[in-house]
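To start, the structure itself, in C-alpha cells.
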Amino acid sequence: MRKFVLVLVVLSMIIAGLGIAKDTVVINLQAEPSRLNPIIYQDTETSMVLESIYAPLLDLTEDGDFTTEGAVTERFTISDDGLVYTFYIKQGIKFHNGDPLTARDVKFSYESFMDPDLGSPHNRYYAGIEEIVLVDDYTLEIHLKELDIAFLTLARLRGAVMPKDYIESVGWDEYERHPIGAGPYKFVRRVPAQSIELKRFEDYFGENAKIENVVFRYYPEMSTAIMAIRAGQVDFIGELPTDEFNALKRTAGDDLNFGTYERFEDHRVVFNKRPGEPFADVLVRQAVNYAIDRSEIIALTRPGMATPAVGRVPTFHPAHAADAPAYEVDLDKARELLIEAGYPDGFKTQIFAPSNHRERVLEVQQIQRQLARIGIEAEVVAVEWGTYLDVTADGEAPMFRERWSASAPEPISFIESWHSESSWNPIFGTYYNEEVDRLVDLIRVTIDTEERWELYREVQRIAMEDAVCVPLYYPLVGEAYNKDLYIPEDLWNPFKRPISAVHRWEWR
C-alpha cells in the first residue's frame, strides 16, 4: 500500500513538473446569441460564435485587404468591366458532416441570402447579382447587373459557406439548431441560457486549431464574468467596460493578460423618423444633437478609451468625415430649434438600450439627464437583448442606443442604411434624402479610391446636416485573457480581432 501511495506521489510530482496541456478555452459572451443562422442573425454575439464554425469565401488581412488564406477560395478574378467575379474553390475541403464543399454550396449560400422567402435582412447586399453560373464543380461566376465596387465587402457571404445537401435534407429549422460549416471548429451543443460548445474539426482544410474545445459561456452581468476569469472559470472576456478593464488591470497584476485595439465600428443614438414621430422633424433631431454632450458620456463610461464621433466612419479610415457637422453643445440653440419645431415645452419620449450592456444603459441615463435640460423628458427603457432586437427592428423605439460593426475593407455599411431602398433603412429610422441616395449609388460605381473616399465624406456631411442620428464615439476595445493563453499580435487590430481566429490561440 505504501509503495502504491509513493508511486502516486511521484507521478503527481512528474505531472506537476511537466504540466498538463489544456484542451479547452472558455470565452465570455455578454448575451446569448440570437439565432445560429448566418443569413438571419444581426447581433455581435452570434457572429463571435459563427466565425469559428464557418469558413469564409474570402478573408481579410490585418490591413483590411482581401486574402484567400484561410478561405475556401483558391483565387478569384474580376472582369475588365467589373461585372463578372469568378471564384475558383479549393478542392478537398470538407464540411463538418464529411460532405465535400464545392461551388454548388457557394451558389446555394448566395441564393439563400437572396431568397425573399427566407427573409434575410442582408438580402440587399446581394440585390445587384444578375445570375450565378456554375462553370464546374469548383468554379462559379457571379454576374452583376451593374458595377458595384462594394460587392465583395458586402456580399462575401458574411463568412459563411453553407452545405446545400445537408440543409435541403434536414430543413432550415434543424440546421439552425445544429449548424454545420467548414471552419476550424464544429458545433457540439447549445445549452439554452448557459453556453455553446464547439470541438476542433480534425479535417479542417487549414491549419488545425491548437485548442481542442471552445465553450462560449453567457455572463450577462460583467461583474460575474470578472469573478469567473479571476477564478479561472473563464479564459477570455472581450470588450470589457472601460472601468472594469482599468480596474482589472490595476488589481490583477500578472495573473491576467490584457490587449486593446480599435474597432471598425461606431456608437450612436438612432432616431425613429417615421411620419408622426417628433424625430421626423430635422429641427428636433438637430436640437437633440446640440443637447447631447459626447465628452460627458465618454468621461462616464470610456475615459481614455474612446474618441468623440463625427459622422460615422472611424477616424483611422480615409473615408472619415472630419468636417461633418459636429454639433458642439449649445443648449440655447437646442431650445430655439425646439420652439421653431413647435415644442416650446419639450415633449415626452423613450430611449431604449439593451439591459445586458451596462455601459449603454449608463449612457442613455446620462442622455436622459442631458435632454431634460432642454425640456425633453426621455424615459429610459432597458430590455433584454432579444427584446431589444425585436423592438428596434419593428420600429417601436422612438430612440435607441446602437453600436454598428461594419464590414471591411469598404466602409459602405456605415452609410448604406441611409439609402431609402436599404433593407436596414426601416430598422434604423426611415430616412430619405434624394442626394444621399444618389451619392450612395455613385459610391458603388466609383473605381477611383480617392474619389470614392470623398463621396463617403460628402454623404456623411449631408446626413449629419440632417442630424440623421447622434454620433457618440469610436471605441478603443479592451480585453482580458488568461496569462497562459497566447493570442497572436496580428489579431489585435480593427480587421482581425482576436475572436475572429480562435483557432490560432494556444495554451503556453
> Pick from region 294-304 the residues that are in contact (Cβ under 8 Å) with a residue 12 or more places away in the chain and surrounded by fewer than 20 Cβ atoms within 10 Å (Cβ to Cβ): which of them is nearest to Leu371 (Cα to Cα)?
Replying inline: Glu296
>> modelled with pLDDT of 95 or more and either buried (at least 18 other Cβ atoms within 10 Å of the Cβ) or among the acidic types (Asp, Glu) (or both): is that true of Leu101 in this structure?
In response: yes
>> Looking only at region 343-354, filter to residues that are touching a residue at least 40 places away in the same chain (Cβ under 8 Å) and surrounded by fewer than 20 Cβ atoms within 10 Å (Cβ to Cβ); which one of those is nearest to Glu239 (Cα to Cα)?
In response: Gln350
>> Scan region 129-149 and tell me whether some residue there is under 30 Å from Asp390 (Cβ atoms), within 26 Å of the chain's Cα centre (by Cα) and either among the aromatic types (Phe, Trp, Tyr) or in the same structural domain as Ile499 (by TED's automatic domain parsing) (or both).
In response: no
> So how many residues does region 375-404 have that are of a type outside the set (A, V, I, L, M, F, W, C), touching a helix residue (DSSP H, G or I) at 6+ places or on another chain (Cβ under 9 Å) and crowded, with 16+ Cβ neighbours inside 10 Å?
Replying inline: 5
> Restricting to region 380-430, what's the tally of residues that are under 18 Å from Ser47 (Cβ atoms) and without any contact (Cβ under 8 Å) to a residue 24 or more places away in the chain?
Replying inline: 1
> How do the pairs read when you match residues in region 105-131 that are within 23 Å of Asp43 (Cβ to Cβ) with residues anywhere that are surrounded by 14 or more Cβ atoms within 10 Å (Cβ to Cβ) and charged (D, E, K, R), using Cβ under 7 Å and keeping only pairs 6 or more apart or on different chains?
Replying inline: His122/Arg158
> Which ones in region 194-208 are within 18 Å of Ile27 (Cα to Cα) and among the charged types (D, E, K, R)?
Replying inline: Glu197, Lys199, Arg200
>> Just to confirm my filter: which strands (runs of 3 or more DSSP E) fall fully inside region 288-383 and include at least 2 residues that are of a type in the set (S, T, N, Q)?
In response: 347-354
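Let's see how each residue does on (1) assigned to a loop (DSSP other than H, G, I, E, B); (2) surrounded by fewer than 21 Cβ atoms within 10 Å (Cβ to Cβ):
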{"residue": "Ala209", "(1), (2)": "yes, no"}
{"residue": "Arg217", "(1), (2)": "no, yes"}
{"residue": "Pro220", "(1), (2)": "yes, yes"}
{"residue": "Ala228", "(1), (2)": "no, yes"}
{"residue": "Val234", "(1), (2)": "yes, no"}
{"residue": "Ala247", "(1), (2)": "no, yes"}
{"residue": "Arg250", "(1), (2)": "no, yes"}
{"residue": "Thr260", "(1), (2)": "no, yes"}
>> Can you tell me which residue is nearest to Ile167 (Cα to Cα) among those in region 75-97 that are in contact (Cβ under 8 Å) with a residue 60 or more places away in the chain and surrounded by fewer than 19 Cβ atoms within 10 Å (Cβ to Cβ)?
In response: Asn97
>> List the residue pairs whose Cβ atoms are under 7 Å apart, where the first residue sits in region 33-44 and is without any contact (Cβ under 8 Å) to a residue 40 or more places away in the chain and part of a loop (DSSP other than H, G, I, E, B), the second is surrounded by fewer than 17 Cβ atoms within 10 Å (Cβ to Cβ) and of a type in the set (Lys, Arg), and the two are 6 or more positions apart or on different chains.
In response: Tyr41/Arg35
> Among the residues of region 148-157, is any of a type in the set (A, V, I, L, M) and farther than 23 Å from Glu51 by Cα?
Replying inline: yes
>> Checking Pro121 against (1) farther than 30 Å from Ala319 by Cβ; (2) part of a loop (DSSP other than H, G, I, E, B): exactly one of these is not met. Which one?
In response: (1)
>> For the condition surrounded by 21 or more Cβ atoms within 10 Å (Cβ to Cβ), at negative phi and of a type in the set (Phe, Trp, Tyr), what is the one hit in Phe205, Phe151?
In response: Phe151
> Of the numbered conditions (1) of a type outside the set (Lys, Arg); (2) assigned by TED's automatic domain parsing to the domain that holds Thr301; (3) at pLDDT 95 or above, Tyr486 satisfies every one except a single condition; which is it?
Replying inline: (2)
> Considering region 185-208 alone, what residues qualify as being under 17 Å from Phe95 (Cα atoms), touching a Leu at 6+ places or on another chain (Cβ under 9 Å) and either of a type in the set (Gly, Ala, Ser) or without any contact (Cβ under 8 Å) to a residue 40 or more places away in the chain (or both)?
Replying inline: Val188
>> So, in region 270-280, how many residues would count as being surrounded by fewer than 18 Cβ atoms within 10 Å (Cβ to Cβ) and either at pLDDT 95 or above or under 13 Å from Phe347 (Cβ atoms) (or both)?
In response: 3
>> Can you pull out every residue in region 1-49 that is surrounded by fewer than 18 Cβ atoms within 10 Å (Cβ to Cβ), at pLDDT 50 or above and over 30 Å from Asp115 (Cα atoms)?
In response: Ala21, Lys22, Asp23, Thr24
> When you go through Thr260, Thr315, Thr307 one by one, which is the residue that is in contact with a Gly (Cβ under 8 Å, 6 or more places away or on another chain), farther than 17 Å from Val468 by Cα, polar (S, T, N, Q) and in contact (Cβ under 8 Å) with a residue 40 or more places away in the chain?
Replying inline: Thr260
>> Residue pairs, Cβ under 6 Å, 6 or more apart or interchain, first in region 455-467 and touching a residue at least 24 places away in the same chain (Cβ under 8 Å) and within 19 Å of Val270 (Cβ to Cβ), second among the aromatic types (Phe, Trp, Tyr) and in a loop (DSSP other than H, G, I, E, B). List them.
In response: Ala463/Trp418
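The values are calculated or read from the model by the stated rules, or taken from the named source; none is laboratory data. Since the model is a prediction, treat every value here as computed from it, not as a measurement. Using ideal geometry, Cβ is built from the backbone for each residue, glycine included, and neighbour counts are taken over all protein chains shown.
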